[in-house]
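Working notes for the structure below.
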Amino acid sequence: MPADPAHGTPAPGTPTRVTLTDDGPVLVHGPVEVELPDGRRLRSERAVTALCTCRRTRRPPFCDTSHRTRVREENHS
Amino acid sequence: MTTVSSPAVSSPAPTVHTGLAPLPEPRGPLSAAVLAVLRGEEPPQRPDAAAADPYGDDLQLALHCCYELHYRGFAGVPDDREWDLQLLALRGALEERFLAALRADVPPDDDVTAAVDELLVEPVGPGAETGVSHHLHRRGELWQLREYVAHRSIYHLKEADPQAWVIPRLPRAAKAGLVSVEHDEYGAGDPARLHATLFADMMRELGLPDGYGHHVDAVPGATLAEVNFMSLCGLRRSLRGALVGQFALVELTSSPGSERLVRGMRRLGCGPAAIRFYDEHVEADAVHEQILRRGVLDPLLAEEPALAADIVFGIRAAGFLGDRLGTAMLDAWAAGRTSLRTPLPDGPGR
């Protein structure tokens, strides 16, 4: 049975599962090599790699949680 | 770790620590009693934990010493003292006082979704950007950064260890998720990438002694309380939900804070090993957040829904203790004095 990419290694021969989160990055079971628009290739050795889809990350193509909702608080608490 | 995007860094050679942590100095009757038992002496008096400040220096150091026997131990203390009945009785009384205070200070709630959602918004603006990482990002001085690292060393030199105790206490799916995060914290099989190793590399580059337990005497009870809460929840199976909540809080909030520390360190001209530790946590914890939510919290709640209130308690109590420590640091620095009990050589005194 293929494992969920959020936890576990897929069995040999099973397709890589890609998880689309509704509020954040795309999760890909690693290691992965990502080809960028300029042709550069980046490798991630992590068990799970979170790829940015909101384009707000400061570390493209990887998620840095910049997709989070920003709530403005004016007053010092 | 990702390569290419963050070029390989050659860290200073890791120090091999053969020595165990020395016994700390007592801070009152509770810690004196625990230290006496550790030395194999009769405690001078029967201390009353019920009257002590639950977050104070004395009780928190006493708890720290009880817990340390379950980690690496102290130089000169026999390994089997870990199970000394007198010590376990003392620990029980200390834990009861600490836990009762936390239960009173953290309002009960069992809405895990709401507690998690609170952590997934990034407060911005003058009313929100008041924490230690904001201060160190924008205007903190190098001595303040070094003090921060000394405080944090109590946890990071045993990073992921308190959470490892919860592994056998989790149902299967949540266990698999939690272990995948722990595996990353432990360097994914490479001792040089162990987060505790990366932290020690950073300490040496910042000119701080990186010996295990070196800074215990220097840090206040507020610092010890944060780590003691992890040990308490890790060692007590009844608090496994709170341990998972504490772990979730760390993993869900660490990425933005680590990014601020990276930028603060660049502003202060810190070296590559210092920057690498927090840099690694920006991307790593963006992934860990997802695994904690989807691979740990969701399956744990599906199998043990009764743990919801304890998970929220773990999140909120860890947040409460973290805020107390942050406030203590910022208040001391705003007054131009050290946040430590004994100042570092380059900083101001008390």
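The table for this structure:
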read-out	value
Hey, B:Ala248 closer than 16 Å to B:Ala196 by Cβ and open to solvent by less than 10 Å² (accessible area, probe 1.4 Å) or not	no
Qualifying residue in region B:180-197 (condition: on the phi > 0 side of the Ramachandran plot, outside any helix (DSSP H, G or I) and more than 14 Å from chain A (Cβ to nearest Cβ))	no
All positions within region B:33-87 that are aromatic (Phe, Trp, Tyr) and either touching a Cys at 6+ places or on another chain (Cβ under 6 Å) or under 21 Å from B:Ala218 (Cβ atoms) (or both)	B:Tyr55, B:Tyr67, B:Tyr71, B:Phe74
Unmet requirement for B:Ala332, which otherwise passes all of (1) buried (at least 18 other Cβ atoms within 10 Å of the Cβ); (2) outside any loop (DSSP other than H, G, I, E, B); (3) in contact (Cβ under 8 Å) with a residue 24 or more places away in the chain	(3)
Total residues in region A:2-43, condition within 14 Å of the chain's Cα centre (by Cα), at pLDDT 90 or above, within 11 Å of another protein chain (Cβ to nearest Cβ) and open to solvent by 50 Å² or more (accessible area, probe 1.4 Å)	2
Filter result for B:Ala36 (in a helix (DSSP H, G or I) and within 22 Å of the chain's Cα centre (by Cα))	no
Filter result (out of contact with any helix residue (DSSP H, G or I) (no Cβ under 9 Å at 6 or more places or on another chain) and in a helix (DSSP H, G or I)) within region B:66-81	B:Asp79, B:Asp80
Residue count, region A:53-66 (criterion: more than 7 Å from every other protein chain (Cβ to nearest Cβ), open to solvent by 30 Å² or more (accessible area, probe 1.4 Å) and within 12 Å of the chain's Cα centre (by Cα))	4
Residue match in region B:104-119 (condition: open to solvent by 20 Å² or more (accessible area, probe 1.4 Å), touching a Pro at 6+ places or on another chain (Cβ under 6 Å) and either closer than 21 Å to B:Phe247 by Cα or not assigned by TED's automatic domain parsing to the domain that holds B:Leu261 (or both))	no
Options B:Phe313, B:Phe320: the member that is more than 20 Å from B:Arg139 (Cα to Cα), assigned by TED's automatic domain parsing to the domain that holds B:Ser153 and open to solvent by less than 20 Å² (accessible area, probe 1.4 Å)	B:Phe313
Residue that is nearest to the other protein chains (Cβ to nearest Cβ), among those in region B:146-169 that are surrounded by fewer than 23 Cβ atoms within 10 Å (Cβ to Cβ) and not in a helix (DSSP H, G or I)	B:Ala160
Of all residues making up region B:171-192, the number that are farther than 16 Å from B:Ser258 by Cβ and open to solvent by 10 Å² or more (accessible area, probe 1.4 Å)	14
Subset of region B:288-303 [over 17 Å from B:Gln163 (Cα atoms) and open to solvent by 10 Å² or more (accessible area, probe 1.4 Å)]	B:Arg294, B:Asp298, B:Pro299, B:Leu301, B:Ala302, B:Glu303
Within region B:44-95, tally of residues that are among the acidic types (Asp, Glu) and either surrounded by fewer than 19 Cβ atoms within 10 Å (Cβ to Cβ) or at pLDDT below 95 (or both)	6
Any hit, region B:95-116, residues being touching a strand residue (DSSP E or B) at 6+ places or on another chain (Cβ under 6 Å) and over 20 Å from B:Asp323 (Cβ atoms)	no
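The values are calculated or read from the model by the stated rules, or taken from the named source; none is laboratory data. Predicted model only: the values in this text are computed from it and were never measured. Virtual Cβ from ideal backbone geometry, glycine too; neighbours counted across all protein chains shown. Just the protein is used for accessible areas: all its heavy atoms, side chains included, with ligands, DNA and RNA removed. Shrake-Rupley method; radii C 1.70, N 1.55, O 1.52, S 1.80 Å.
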